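A.B. asks: Below you'll find the structure I mean.
The values are calculated or read from the model by the stated rules, or taken from the named source; none is laboratory data. Source: prediction; values computed, not measured. Counting neighbours? That spans all protein chains shown, and the Cβs are built from the backbone with ideal geometry, glycine included. Accessible surface areas use protein heavy atoms only, side chains included; no ligands, DNA or RNA. Shrake-Rupley method; radii C 1.70, N 1.55, O 1.52, S 1.80 Å.
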Amino acid sequence: MSLDPDLVSVLACPIDHGQLFVFDDENCIYNPRLKRRYAIREGIAVMLVDESEVVSDAEHERLAGRIARGEARATGSAAS
């Protein structure tokens, strides 16, 4: 289940308050600056820092590649 576009347009990282990237097919939201991933459970973004995870360098590279290929939705004012 993908997140509502209105929600995506206002989401920001709870740590650095920056733009995030939504991977609907992986049920996650990613902050490439902090290498931190947040879960999407039953269509709800779980934006709790304590429940997020820091990803490995290899996983970061994989997700960054998907972002570069346009395979994720950007949050904030750049969200589409």
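A.B. asks: Of all the residues that make up the stretch 43-74, how many are closer than 21 Å to P5 by Cα, open to solvent by less than 30 Å² (accessible area, probe 1.4 Å) and outside any strand (DSSP E or B)?
C.D. replies: 5
A.B. asks: Restricting to the stretch 56-74, name every residue that is free of Cβ contacts under 8 Å to residues at least 24 places away in the same chain and either under 17 Å from G18 (Cα atoms) or of a type in the set (A, V, I, L, M, F, W, C) (or both).
C.D. replies: Scanning the stretch 56-74 gives A58, A68.
A.B. asks: Being within 16 Å of D4 (Cβ to Cβ), under 11 Å from the mean Cα position of the chain (by Cα) and acidic (D, E), is that true of even one residue in the stretch 24-42?
C.D. replies: Yes, the stretch 24-42 has at least one match.
A.B. asks: May I pose another question? Of (1) in contact with a helix residue (DSSP H, G or I) (Cβ under 7 Å, 6 or more places away or on another chain); (2) free of Cβ contacts under 8 Å to residues at least 60 places away in the same chain; (3) not charged (D, E, K, R), A12 satisfies all except one. Which?
C.D. replies: A12 satisfies every listed condition except (2).
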